[in-house]
1. Name the pairs whose Cβ atoms lie under 6 Å apart, with the first residue in the range 443-464 and more than 19 Å from L253 (Cβ to Cβ), the second of a type in the set (S, T, Y), and 6 or more positions between them or separate chains?
2. If you go through the range 292-311, how many residues are surrounded by fewer than 24 Cβ atoms within 10 Å (Cβ to Cβ) and either of a type outside the set (A, V, I, L, M) or in a loop (DSSP other than H, G, I, E, B) (or both)?
3. Does at least one position in the range 228-236 carry a residue that is hydrophobic (A, V, I, L, M, F, W, C) and part of a loop (DSSP other than H, G, I, E, B)?
4. Name the pairs: first residue in the range 272-293 and among the aromatic types (F, W, Y), second residue surrounded by 13 or more Cβ atoms within 10 Å (Cβ to Cβ) and not in a helix (DSSP H, G or I), Cβ to Cβ under 7 Å, at least 6 apart or on different chains?
5. Looking at I191, I246, which is the one that is aliphatic (A, V, I, L, M) and either surrounded by fewer than 21 Cβ atoms within 10 Å (Cβ to Cβ) or closer than 21 Å to V451 by Cβ (or both)?
6. Yes or no: the range 499-513 includes at least one residue that is under 20 Å from the mean Cα position of the chain (by Cα), charged (D, E, K, R) and buried (at least 16 other Cβ atoms within 10 Å of the Cβ).
7. Do we have any residue at all in the range 452-464 that's part of a loop (DSSP other than H, G, I, E, B), in contact with an Asp or Glu (Cβ under 9 Å, 6 or more places away or on another chain) and within 21 Å of M362 (Cα to Cα)?
8. Scanning for something in a strand (DSSP E or B), of a type outside the set (D, E) and farther than 30 Å from N244 by Cα, does the range 383-405 turn up at least one residue?
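The values are calculated or read from the model by the stated rules, or taken from the named source; none is laboratory data. The structure presented is a predicted model; accordingly, all values stated were derived computationally and were not measured. We place every Cβ from the backbone using ideal geometry, glycine too, and count neighbours over all the protein chains shown.
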Amino acid sequence: MNNLTLFFLGLVLINIPTCLSQNEDKQCFSQSLKPSYPCCEGNKIVFTDKDGDWGVEHNKWCGIGNGNDPSEELNESCFSVVLGYNCCEKCKVVLTDKDGKWGVEHNKWCGIKDSCTSDVEVEPVPNDPKEVEVKDPIQNDPKEVEVKDPVQNDPKEVEVKEPVQNDPNFDFAFLKIENNKKNMLYSPLSIEYALKMLQEGASNHTYAEINKVIGNTELSKYTNIDNILSLANGLFIKDVFYENVITEYINTLKEKYDAEVIEDPFKSAQNANQWIEDKTLGIIKNILDDETITDPYIRMLIINAVAIDMEWIIQFNGKETNGESFYKDDGEEIIATTMFLKETKSEYIAYYINDDITVLTMDLKEYEGRQFEFMAIMPKENLSGYVENISKEQINQIDKELILSLNTPYGFNVKIPKFKFDYDLKLKDDLIKLGITDAFDEVKADFSKMVDLDKIDGNIYVKDALHKADIEFTEKGVKAAAVTVIIKFELGGVMEKHPIDVIINKPFMFIIRDKNSKDIWFTGTVYEPNLWENDKEAY
């Protein structure tokens, strides 16, 4: 049986479990997981996996009970778990097929436990139980009945319909996974948009895994500004496969995500690459190769592209740029191309300094009512250790502590190095580590809301997920872009009387975000800025 592949390009899609506060009144299996989850106050089960039973309360995942005891696995296991169906509580058999013995409980199919020895069986029937529908009470031949109610504890059929927020630390999850003491950049917003579009076509357990990472609430909408700001979504479908894609899925992407839906023969990567280049303001080029696109089983590309080209409100004077010391993570001193602002007093530049970190924020110009800001955080100790523990809560606290340079008697001096680099995120690997696994499995993937599976020979799953980002940080402003591509295959005290020095001269992390919504468009780390030796001739 052939399988169709879905290729996801740009920011890599990842499943990032929601880190939730603990419910101290109860104890349950989910508190011991990494990351941990609170215990449910009630006992309503909406999802069951290998760890135990899960509920949703206050729009968050929570654990129910003590989970699955490995010591009981031998007696309490059954064949159907690997197929995505729960084990039966009782031993009553209503159907036997090539996979094993099946029962029906709570209006849902379940596998008979290995520990059952006394069974009441019916005539074996050839139908796959996954295709047989059940109705309560069970009085008819299983071949003729259907299921009316949603499954309460079958992970293959559960979808949490009520709003579920994403992990508040999703934006920084990839920084932590790929914390390799190197310059790094990605767009959390781009990855999230791509995952949202993938989620729209997912069902059952595949949907649930993605939902645990990004939730099911809507993302902020942005209006593109020519040559300044771009956020674009695209769905490329192989022309001969277009008729197999469910019309409702296409309409959903058009209506909710303003997605461009494009039929393409997939004879080369030129069309997709040109679309990406156009949507990233010409910054990202040729991310896809012909070999990938011409693979005979490639059927679809889900793409999100984001880009900004914005200027500082208070720009650096290039005549002040010079070579200054920058101390790398290992203590090595290098001479970096460093920009300088002298005795600055402005409402558009702020700082915060304590015993652990130095923070600098600078506003970019406002364009058509939309304004972004840049934040640099330089820890006194090693950056990698700081990144390992960074959280949205910490960023929110920093926001409260910021001091505008306008409110300092003598302003302050700013020194920060220039940098320019690109980065390719290992998106597929990262998403799998975050818990999104079924989407990449040619057997377990369930995209039945995306493709009419009855029309194709096999299944459709995500073959790869790509994310590439590029940034240039200069005296004038910031130019940055990122693209996420999902490839589908068939089968982020007393004031001294002198200016305060805010000097960024050690490895630092940075955030570029919408100043009002706080959506993080880009985040990354700088371990090695531009070298003065390479730039000085330009000055």
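1. What qualifies is K463/T5.
2. So the answer is 7.
3. Scanning the range 228-236 turns up at least one residue that is hydrophobic (A, V, I, L, M, F, W, C) and part of a loop (DSSP other than H, G, I, E, B).
4. W275/G234
5. Only one candidate passes the filter, namely I246.
6. Taking every residue of the range 499-513 in turn, at least one turns out to be under 20 Å from the mean Cα position of the chain (by Cα), charged (D, E, K, R) and buried (at least 16 other Cβ atoms within 10 Å of the Cβ).
7. Looking through the range 452-464, none of the residues is part of a loop (DSSP other than H, G, I, E, B), in contact with an Asp or Glu (Cβ under 9 Å, 6 or more places away or on another chain) and within 21 Å of M362 (Cα to Cα).
8. Keep residues of the range 383-405 that are in a strand (DSSP E or B), which gives 403-404.
Imposing the further condition that a residue be of a type outside the set (D, E) reduces the set to 403-404.
Narrowing the set further to residues that are farther than 30 Å from N244 by Cα leaves 403-404.
Yes, that holds for at least one residue.
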